[in-house]
Amino acid sequence: MANVILPSGKMVEADDGALLSVLRERGETAAAVVLNGQVQDLRDPLPSAGEARAIGLDDPAALEVLRHTASHVLAHAVTRLYPGAKLAIGPAIDDGFYYDIRFPEPVNRDDLPKIEAEMEKIIKDDLPIERVWLPRAEAEAFLAEKDEAYKLELVREIPEERISFYRQGEFMDLCRGPHLPSTGLVKHVKLLDLAGAYWRGDSDRDMLTRVYGTAFPTAEALAEHVKWREEARKRDHRTLGPELDLFSIQNEGIGAGLVLWHPKGAAIRHQIETFWKDEHYKAGYRLVVSPHIGRARLWETSGHLDFYKDGMYAPMDIEGQEFYLKPMNCPFHIAIYKTHTRSYRDLPIRYAELGTVYRFERSGVLHGLLRVRGFTQDDAHIICRPDQIEDEVLACLDLTLHILGAFGFRDYKVALSVRDPEHVEHYIGSDAMWEEAEGSLVRALERKGLSYTRMPGEAVFYGPKIDLHVLDSLKRSWQLTTIQFDFNEPERFDMAYIGDDGQAHRPYMVHRALLGSLERFFGILIEHYGGAFPAWLAPVQVAVLPVTEAEIPYAEGVADELRRAGLRAEAWTKERKTLRWLIREAQVQKVPYMLVCGAREAAGGVVAVRLRTGEDLGPQPVASVIARVQEAVAARGVAL
């Protein structure tokens, strides 16, 4: 007998495998059971000692189980509507679920309501969900008979001899679970989209159709998510970027994953870069510039050709020597360090670069600005003595929070990735080095007052790291900043400094990127602000709008005065449109300030000020407008 706490809070005893019966007898509903912090199926054996907790649908831990079951309901509906459809995988994901399917005929978004209606029938039937264990041979025979090649491939990779399936009505699917007791508990579900997905992410394998959906325990939560998703759709940088003429990616003419920054996008990038450089100079960094290619020998020494060659482009033959486009900047920074003999008094040295790198990404994973093939990293490498490392990490955190805060990101989640204590043999560097590095990261986080999640086993083999995830205006999490120890490159490149004892010592090196890459950061920034950038970033800060042709000279003079004051201003005089059209267009283009110039304003030497928010501030002297905009720019806030 096992002690189980029911969703109502009552404690009961349940025989092995009898928990579902106990719940039914007591009129309670549960989604799963939590044992030692792990969510497991209600049908699984329970321990004779200790306590288990049955969780209801409203428990956050049950959401994954709900969505996993919803994916099975989706697959069930598809097999009813499309005989011959072949199923691949159908996991729960952060905001819903998906199922990869090979349909026997083309499907598109217009087919989703039909599939969703069939799902509703399955849910209404409240089919019991049963776990079925089959011996390996029987499982393989079952799948082979149904010609489920993808499932058969998966089964052959499972080491156990008993294979888990789940059955609901006439539908049975290979699955580890856990799942809800019946289909009727999936009450609030919606299909969202379709996309292509290669089987197992391999472009040489079959292209499948990925059907996305989501499910929630309440109708209100589902409605809120659908509303949130619509807002996210409106903010999608892949739509706003071209609409606002910020950037383009021309797959046919230029190449997939290669970004063209248009004048407006380049203007914003210039502001980002200028601010970034100024703040780094203030923080004691030395800015460097490195070439875009390097000899094969360099990448052999760094280890990239051993470990990352699949992510690099093919070599170029230059006068009989192989050169590669750079995938990272670090070997060049190390080469700069090694041009002189360094003393302990020279350290720390902080090199920073906005360095463009090139990495091969399969076309199937490219995604707007968020996943590209050529991108500019805001890269830095800190080379220091062991006794300096904690203060350097703390200074990194200070600079990170200052810079991200200026762009409007002030909500963070911090992850500390450390080595697996059970398998220290998988990591290079001595125990003392790892303990010192991990300790310095922890102490720096604590001194900064940042809470963090410790993640054992998540460190890369050459050092521990801090990852900082920001929350945008829609509360989505984006991993931006990485502060990464590296015990590998200093050894490979034989880096050294002369200590106060006159002997050569190995320095510590920290890789550090605050924004990640300018391309990805820009995509996140577009979505964070919905394209309505704060005044200091807006590509056009002020649009000057003449009412009639007679006011064009006055409008152009006002724009000239604004530009002389250092503002990005345009007089919209090229196309003669109505004032209503000009104001509407400025709002569509999300220009922060509109200055209307009519006959009365021109005669009085003033402008009528409107904000993109729709506020009408009335006539004001140009000098007052300049002061207002400059104040907003200096504040780097959202207020206009």
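Here are the numbers:
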{"read-out": "20 °C / 1.002 mPa s Stokes-Einstein diffusion coefficient of the stretch 240-351, Kirkwood radius on C-alpha pairs, µm²/s", "value": "123"}
{"read-out": "Cβ-based charge dipole, the chain, positive-most Cα from A639, I389, G530", "value": "A639"}
{"read-out": "Dmax and Rg, reported as Rg then Dmax, of the chain (C-alpha, Å)", "value": "29.8, 92"}
{"read-out": "Computed Kirkwood radius, in angstrom, where 1/r is averaged over Cα pairs of the stretch 73-195", "value": "15.2"}
{"read-out": "Accessible-area composition of the chain, carbon plus sulfur, in percent [1.4 Å probe]", "value": "49"}
{"read-out": "Global geometry of the stretch 331-461, whether rounded, prolate or oblate, following the gyration tensor of its Cα atoms and the 1.5 cut on a/c", "value": "rounded"}
{"read-out": "Radius 15 Å from Cβ of G457, net charge of other residues (Lys, Arg +1; Asp, Glu -1)", "value": "-3"}
{"read-out": "For the stretch 360-421, projected area of the alpha-carbon convex hull averaged over all directions, nm²", "value": "7.4"}
{"read-out": "Largest-first principal axis extents of the Cα set of the stretch 134-252 (Å)", "value": "59, 42, 23"}
{"read-out": "Tail weight of P(r) past 16 Å, computed on alpha-carbon pairs of the stretch 553-640, percent", "value": "53"}
{"read-out": "Against the rule of thumb 2.2 N^0.38 Å, how large the Cα Rg of the stretch 1-129 comes out", "value": "1.25"}
{"read-out": "Normalised alpha carbon radius of gyration of the stretch 104-151 [divisor 2.2 N^0.38 Å]", "value": "1.62"}
{"read-out": "Within the chain, helix-based [θ] at 222 nm, where runs of 4 or more DSSP H residues each add -39,500 (n - 2.57), nearest 500", "value": "-10000 deg cm²/dmol"}
{"read-out": "Lysines whose Cα lies under 27 Å from that of K151, excluding same-chain neighbours fewer than 8 positions away", "value": "K86, K114, K121, K190"}
{"read-out": "Neighbourhood charge, 14 Å Cβ-Cβ cut-off, centred on S517 and excluding it, Lys, Arg +1 and Asp, Glu -1", "value": "+1"}
{"read-out": "Reach of K574 by Cα under 27 Å, taken over lysines that are not fewer than 8 positions away in the same chain", "value": "K264, K590"}
{"read-out": "Solvent exposure of the stretch 142-271 as accessible area per residue, Å², 1.4 Å probe", "value": "51"}
{"read-out": "Neighbour net charge for R342 - beta-carbon separation under 14 angstrom, K R +1, D E -1", "value": "+3"}
{"read-out": "Spatial extent of the stretch 188-282: Rg and Dmax, with the Cα atoms as the point set, Å", "value": "19.5, 54"}
{"read-out": "For the chain, size of Cβ-based charge dipole, Lys and Arg +1, Asp and Glu -1, in debye", "value": "2000"}
{"read-out": "Rh (Kirkwood; distinct C-alpha pairs) - the stretch 169-223, Å", "value": "14.0"}
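The values are calculated or read from the model by the stated rules, or taken from the named source; none is laboratory data. In this text, all values refer to a predicted model and were calculated from it rather than measured experimentally. FYI the Cβ positions are ideal-geometry reconstructions off the backbone, even for glycines, and counts take in every protein chain you see. Areas reflect the complete protein model, heavy atoms only, side chains present, ligands, DNA and RNA absent. Shrake-Rupley method; radii C 1.70, N 1.55, O 1.52, S 1.80 Å.
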